[in-house]
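The values are calculated or read from the model by the stated rules, or taken from the named source; none is laboratory data. Because the structure is predicted, anything quoted here is derived from the model rather than measured. Every residue, glycine among them, receives a Cβ derived from its backbone with ideal geometry; neighbour counts consider all protein chains shown. Ligands, DNA and RNA are excluded from the accessible area calculation, which covers all protein heavy atoms including side chains. Shrake-Rupley method; radii C 1.70, N 1.55, O 1.52, S 1.80 Å.
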Amino acid sequence: MNALTSTSTAVPASGPLDPSIVARAWAQGWTISRSTAAPIERAGCFEIHVGKPDQVARYVFPRFDRDVLRTLVATEASPGTWLKICARREHVTGLLSGDWTVHEPEFLMSIQLAGGADPVIAGYRAQTERRGALAMVTIVAESGELAASGQAAIDGGFATFDQIVTVEAHRRKGLGRLVMSALSNAARDAGARQGVLVATEAGAALYQALGWSMVSPVTAASCSAAAPAA
């Protein structure tokens, strides 16, 4: 088992992206964005030590592997274990006991980053900041109130977009589009050429309108009890 490094996430020179490459890039970028240890590559999945009470560890499956998933669930599941599996819900649920909660559908998405002018929205201004491998964008209203924000973790040629949020009082004004545009420009300036993210069903509609492509459905599940003794 080896920790991933930035050389693991080079963008292929040409041709369509393999979903496994996109999932690998997302797993690596997520750890940068969330300040956790790098993913550990295992047979069939990536293991991430998150270290929070409600999420101790997560396992990212770049493709559905029934045998690996069955073994992991039987031997390593415990409270705070999360799964992110690039597969449809119906392929996964039969392998999980009642101790698991299967969450709302998610989607692995990708886009070739293109530069361009950020949209101008009256009453708001965008601020971009770079901290190490993170590009961060905040949208501030005239009142000084934070209206929207997001960040992208740059790793090699990939940028993992994460924590894209619009405050409820400021929704439906195009601020999400502004955050994504500003992050795309910042990521390109940092050398990234491909964007990746995992979206909720509601978020996926916005990202598709911005040109993002579906790579794979993602089934997320969390465990609330220890696995039985093997």
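Could you check how many residues of the range 185-223 are within 15 Å of the chain's Cα centre (by Cα), of a type outside the set (A, V, I, L, M) and open to solvent by 20 Å² or more (accessible area, probe 1.4 Å)?
Matching residues across the range 185-223 total 6.
Name the single residue, out of those in the range 3-60 being hydroxyl-bearing (Ser, Thr, Tyr) and at pLDDT below 95, that is least open to solvent (accessible area, probe 1.4 Å). Steps first, please.
Filtering the range 3-60 down to residues hydroxyl-bearing (Ser, Thr, Tyr) leaves 5-9, 14, 20, 31, 33, 35-36, 59.
Adding the requirement that they be at pLDDT below 95 leaves 5-9, 14, 20.
On the way: 5: 71, 6: 59, 7: 114, 8: 38, 9: 2, 14: 96, 20: 23 Å².
Among residues in the range 3-60 that are hydroxyl-bearing (Ser, Thr, Tyr) and at pLDDT below 95, the one least open to solvent (accessible area, probe 1.4 Å) is 9.
Any idea which of (1) assigned to a strand (DSSP E or B); (2) over 17 Å from the mean Cα position of the chain (by Cα); (3) in contact (Cβ under 8 Å) with a residue 40 or more places away in the chain; (4) under 21 Å from residue 194 (Cα atoms) is the one residue 115 doesn't satisfy?
In the conditions (1) assigned to a strand (DSSP E or B); (2) over 17 Å from the mean Cα position of the chain (by Cα); (3) in contact (Cβ under 8 Å) with a residue 40 or more places away in the chain; (4) under 21 Å from residue 194 (Cα atoms), residue 115 misses (1) alone.
Which numbered condition trips up residue 46, out of (1) more than 23 Å from residue 134 (Cβ to Cβ); (2) not in a loop (DSSP other than H, G, I, E, B)?
Exception for residue 46: condition (1).
Return a yes/no flag: does the range 186-195 have any residue that is without any contact (Cβ under 8 Å) to a residue 24 or more places away in the chain, out of contact with any Lys or Arg (no Cβ under 9 Å at 6 or more places or on another chain) and part of a strand (DSSP E or B).
No, the range 186-195 contains no residue that is without any contact (Cβ under 8 Å) to a residue 24 or more places away in the chain, out of contact with any Lys or Arg (no Cβ under 9 Å at 6 or more places or on another chain) and part of a strand (DSSP E or B).
For the range 163-180, state whether one or more residues are part of a strand (DSSP E or B) and either over 15 Å from the mean Cα position of the chain (by Cα) or crowded, with 18+ Cβ neighbours inside 10 Å (or both). Break it down into steps so the answer makes sense when it comes.
We begin by selecting, within the range 163-180, every residue part of a strand (DSSP E or B); these are 163-166.
Narrowing further to those that are either over 15 Å from the mean Cα position of the chain (by Cα) or crowded, with 18+ Cβ neighbours inside 10 Å (or both): 164, 166.
Among the residues of the range 163-180, at least one is part of a strand (DSSP E or B) and either over 15 Å from the mean Cα position of the chain (by Cα) or crowded, with 18+ Cβ neighbours inside 10 Å (or both), which makes the answer yes.
Scan the range 73-86 for residues that are of a type in the set (A, V, I, L, M, F, W, C), under 17 Å from the mean Cα position of the chain (by Cα) and open to solvent by 10 Å² or more (accessible area, probe 1.4 Å) and jot them down. Can you show your working first?
Restricting attention to the range 73-86, the residues satisfying the condition of being of a type in the set (A, V, I, L, M, F, W, C) are 73-74, 77, 82-83, 85-86.
With under 17 Å from the mean Cα position of the chain (by Cα) added as a condition, the list becomes 82-83, 85-86.
Within the range 73-86, 82, 86 qualify.
Which one of the conditions (1) closer than 22 Å to residue 202 by Cα; (2) among the hydroxyl-bearing types (Ser, Thr, Tyr); (3) in a loop (DSSP other than H, G, I, E, B) does residue 78 fail to meet, given that it meets all the rest?
Result: residue 78 fails condition (1) only.
Which of the residues belonging to the range 108-162 are over 28 Å from residue 201 (Cβ atoms), in contact with a Ser or Thr (Cβ under 9 Å, 6 or more places away or on another chain), modelled with pLDDT under 95 and open to solvent by 60 Å² or more (accessible area, probe 1.4 Å)?
Answer for the range 108-162, where residues must be over 28 Å from residue 201 (Cβ atoms), in contact with a Ser or Thr (Cβ under 9 Å, 6 or more places away or on another chain), modelled with pLDDT under 95 and open to solvent by 60 Å² or more (accessible area, probe 1.4 Å): just 117.
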